[in-house]
1. Excluding ligands, DNA and RNA, what is the solvent-accessible area per residue of the chain at a probe of 1.4 Å, expressed in Å²?
2. Could you pull the Rg and Dmax for the stretch 1-131, using just the Cα atoms, both in Å?
3. Over the stretch 74-164, what is the relative contact order in percent, taking alpha-carbon pairs closer than 8 angstrom and at least six residues apart?
4. Let me know the number of lysine pairs in the stretch 1-145 closer than 23 Å at the Cα, not counting same-chain pairs under 8 apart.
5. Bin all alpha-carbon pair distances of the stretch 42-192 at 5 Å intervals from 0 and give each bin's fraction as a whole percent.
6. Can you give the angle from 0 to 90° between the axis of helix 85-101 and the longest principal axis of the chain, with both taken from C-alpha atoms, to the nearest 10?
7. In nanometres, what is the gap between the two model label sites at HIS136 and ALA150, each 7 Å from Cα along Cα-to-Cβ?
8. From the phi of every residue in the stretch 169-174, what ³J(HN,Hα) in whole Hz does the Karplus formula 6.51 cos²θ - 1.76 cosθ + 1.60 yield, where θ is phi - 60° and glycine or proline is x?
Amino acid sequence: MKQRTSETPPEAGSARRRLLDTATRLFYEGGIHAVGIDRIIAEAGVAKATFYNHFPSKDDLVVAYLEEIDRLGRAAVASLHKQPPRKMILAIMGRISEAVTAGGWRGCPFLNAAAEYPDPASPVRQAINARRVWYHNSLENLLKEDGDPAPSVTASLLVALSDGLLESAYLDDAESVPALVCEAVTRLLDRR
């Protein structure tokens with residue numbers, strides 16, 4: 001499998017970019033296993049040989065899709081203005097509100113992919129795990145800076161809260177999520 005780090009985005013305008021953009025849209029709209037390679041190739045307007053030149057297998061494409069979403073999420077967090085740790089946590093968690101209320105929300109792409117790839121040793125699950133580790137560690141570091149007495153536990157609770165809010169927004173009322181994010185994070189952080 002060709003490896004690409006989440007810090008190296010594919011070239012804009014290339015066949016690889018078209019394949020990745022098309023797969024991103026189709027995977028999110030219809031599910032990964034429900035979308036075939038032939039459909040992605042047709043909608044991206046590339047030859048089958050071009051697809052396999054960039055992605056030796058569908059799983060390679062799925063990993064690239066998840067790494068791209070991860071890269072964009074990390075960049076969005078990095079672009080947040082530096083604030084005190086608690087405000088940074090609220091800003092990071094507030095990104096959930098932005099995502100779910102923007103329209104077309106169909107659940108967290110990482111959780112959706114995890115549901116389709118149950119083997120924790122698969123490259124897809126490893127890409128998902130890398131995202132989750134980064135997210136947990138980012139929150140944990142902010143919690144340490146904020147003086148949390150159990151930053152790893154609190155970070156785990158925030159990750160679980162994030163998962164629940166992301167799915168609740170798809171299953172219930174996405175418009176209720178911003179208030180829930182603020183209330184839940186405040187209650188969790190104020191408990192000490």
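1. 50
2. Rg and Dmax of the stretch 1-131, Cα atoms, are 15.7, 51 Å.
3. 29
4. 5
5. The calculated distribution, bin by bin, is 2, 8, 16, 19, 19, 15, 10, 5, 3, 2, 1, 0.
6. 50
7. Modelled inter-label distance: 1.5 nm.
8. These are the phi-based 3J(HN,Hα) values: 4, 7, 7, 10, 10, 4 Hz.
The values are calculated or read from the model by the stated rules, or taken from the named source; none is laboratory data. Keep in mind that this is a model prediction, so the values were computed, not measured. All Cβ positions, glycine included, derive from the backbone under ideal geometry; neighbour counts span all protein chains shown. Areas reflect the complete protein model, heavy atoms only, side chains present, ligands, DNA and RNA absent. Shrake-Rupley method; radii C 1.70, N 1.55, O 1.52, S 1.80 Å.
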